[in-house]
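A short reminder: the numbers here are calculations on the coordinates, not readings from a lab. What you see is a predicted model, and the numbers here were worked out from it, not measured in a lab. No Cβ is skipped: glycine too gets one built from the backbone with ideal geometry, and neighbour counts run over all protein chains shown.
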Amino acid sequence: MTDPSRSAVDTRVIVEQRGFVRLIGLNRPGKRNAADHRMLTELALAYGDFERDAGARVAVVHGVGDHFTGGLDLADIAPRIGASGGGLDMVPEGGINPWQVDGSALTKPVVLAVQGTCLTLGVELALASDIVVAAAGARFGQLEVSRGILPFGGATLRFPRAVGWGNAMRWMLTGDLFDATEALRIGLVQEVVPDGEQLDRAAELAERIAAQAPLAVQATLANARLAVREGDAAAESRLPTELGRLAASEDAAAGMRAFLAREPARFEGR
């Protein structure tokens, strides 16, 4: 897969549509994709557009250049946090917080492709995503305690849940860096591939997801999240209703016809 973003010099976040897959790229390679306020707002707008576009079923988020992200551009962001006294205002109208820590949530899956440096908000973006593919040379770090702040993009909530309390505290409380092998061991990432192959593999997984019935994918994602957020009983109570709704869909009928004909199904999201 070629990198579509080389000419998008003036854009912090580049977007490309490939079939039903939306590619969203962090595009500040000269700064290791460190996120300034402009990048954060552009990323929020890209997430909002992805959520609203029925033609985009899965997103792949990746970093342009040698690194996924060096974290926050503190020279730009720190004064904004201090001035507000209540966090960071980074979601313009029409956007969705990519870290989804403000009550908003995507209804569609996100696959991350990570290479090089992946610090702080990059780790939290992985935790807020659904599948993460890492290059073998990737390095991760939740460094906020060494900067005098705490993780505020969801790591305190999701890291212990995703990898276990001890594993999360080992890395959040020390600020130490860890490699892709450790990220795979603890479950932060799902696959490790040779350097340079992470975007291809992430896109391949996204295309597999996008080929499935969109309503069923979204319902599966929603029920799993409900179980995490509100417990098994809440998710269990929704299963019969959701099954009935999906069984009555055009996509379910298409899936059955394809099964009987022994051919791939073509789903329309209806």
Seminar exercise, completed: Charge dipole of the chain built from unit charges on the beta carbon (Lys, Arg +1; Asp, Glu -1), centred at mean Cα; most positive-end Cα among 239, 132, 101 is 239
Exercise. Given +1 on the Cβ of Lys and Arg, -1 on the Cβ of Asp and Glu, and no further charges, what dipole in debye does the stretch 118-270 carry about its Cα centre, rounded to the nearest 20?
Worked result: 320 debye
For this session: Once you have all Cα-Cα distances for the stretch 214-261, histogram them in 5 Å bins from zero and send the whole-percent values.
Result: 5, 21, 25, 20, 14, 9, 5, 1, 0
Exercise. How far, in nm, would the chain grow between residue 81 and residue 31 when pulled straight, counting 0.36 nm per residue and subtracting the alpha carbon separation?
Worked result: 15.9 nm
For this session: May I ask for the Rg/Rh ratio of the stretch 130-270, computed from Cα atoms with Rh as the Kirkwood radius, given to two decimals?
Result: 1.08
For this session: Rounding to the nearest 20 debye, state how big the charge dipole of the chain is about its Cα centre with +1 on each Lys and Arg Cβ and -1 on each Asp and Glu Cβ.
Result: 240 debye
Seminar exercise, completed: Along the dipole axis of the chain (charges at Cβ: +1 for Lys and Arg, -1 for Asp and Glu; origin at the Cα centre), the most positive-end residue among 55, 24, 267 is 267
For this session: Please give the length that would be gained between residue 262 and residue 184 if that part of the chain were fully extended, namely 0.36 nm times their separation in residues minus their C-alpha to C-alpha distance (nm, one decimal).
Result: 24.5 nm
Seminar exercise, completed: Residues of the stretch 21-59 with backbone N under 19 Å of the label point set 7 Å from the Cα of residue 66 along Cα→Cβ are 26-35
For this session: Pull out the extension gain between residue 11 and residue 234, defined as 0.36 nm times the separation in residues minus the alpha carbon to alpha carbon distance; nm, one decimal.
Result: 76.1 nm
Seminar exercise, completed: Computed over the stretch 170-253, the convex hull of the Cα set has an average projected area, in nm², of 8.0 nm²
For this session: Compute the acute angle (0 to 90°) between the alpha-carbon long axis of helix 198-210 and the principal axis of greatest extent of the alpha-carbon atoms of the chain; round to the nearest 10°.
Result: 30 degrees
Exercise. Counting alpha carbon pairs within less than 8 Å and at least 6 residues apart, what relative contact order, in whole percent, applies to the stretch 13-210?
Worked result: 21 percent
For this session: At 10 °C and 1.306 mPa s, grab the translational diffusion coefficient of the chain from Stokes-Einstein with a Kirkwood Rh over Cα pairs, rounded to a whole number in µm² per second.
Result: 82 µm²/s
